[in-house]
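Okay, structure first, notes after.
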Amino acid sequence: MGLIRNQSGQILVILATTLLFGGATVAVGVMTTGQTAKEITKKIKNLEMDEDRQDEALRLIKQWKKDGKAFWKADQKNMKKLFKLMKKYETTPGELDELVAAQDRNADENDRILLDNRFALKEQMTKEQWDAVFDQ
């Protein structure tokens, strides 16, 4: 019985670490391209493109950054709750399951927003402009 409890504890530590560092990979401002919002914004400003499309592209990057911050904040809040519960002897698997499910929902929503913004940004740019911004 002690071995099973010990392994369960190790699994929780691995889970918490994965959630913590998994969330860190979307550190605020870094788009899935490895560039910061500031770097992408600078490149878009330097493009020769229709002013309205450029304004919309810049607005989308600003929104992308805002959404990333909101995700990061919610992610960190859930992680604090998870670590607090993991320390408590009385914590039940159901309590941890609820937090992990909330974390999954948050990540799914962030992924959906990220993809929606990515395709909205793509609509504002030609292939050549996109390639210039994302170093293709």
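Here, each number is a calculation from the coordinates, and none is a lab measurement. Just so we're clear, the structure is a prediction, and the values are computed from it rather than from any experiment. Here the Cβ positions follow ideal geometry from the backbone for every residue, glycine too, while neighbour counts run over all protein chains shown.
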Given labels modelled 7 Å from the Cα in the Cβ direction, how far is it in nm from Ala102 to Glu39?
3.4
Cross-link reach from Lys87 to lysines, straight Cα distance under 28 Å and at least 8 residues apart if same chain, gives Lys69, Lys73, Lys77
Cut-off under 19 Å on the C-alpha distance; same-chain residues fewer than 8 positions from Lys84 excluded. Which aspartates and glutamates are left, in chain and number order?
Asp75, Glu95, Asp97, Glu98, Asp104
Reachable lysines from Lys45, criterion Cα separation under 21 angstrom, eight or more residues apart if same chain
Lys62, Lys65, Lys66, Lys122, Lys127
Calculated FRET efficiency, Thr91 and Leu115, Cβ-Cβ r, R0 30 Å, to nearest 0.05?
0.30
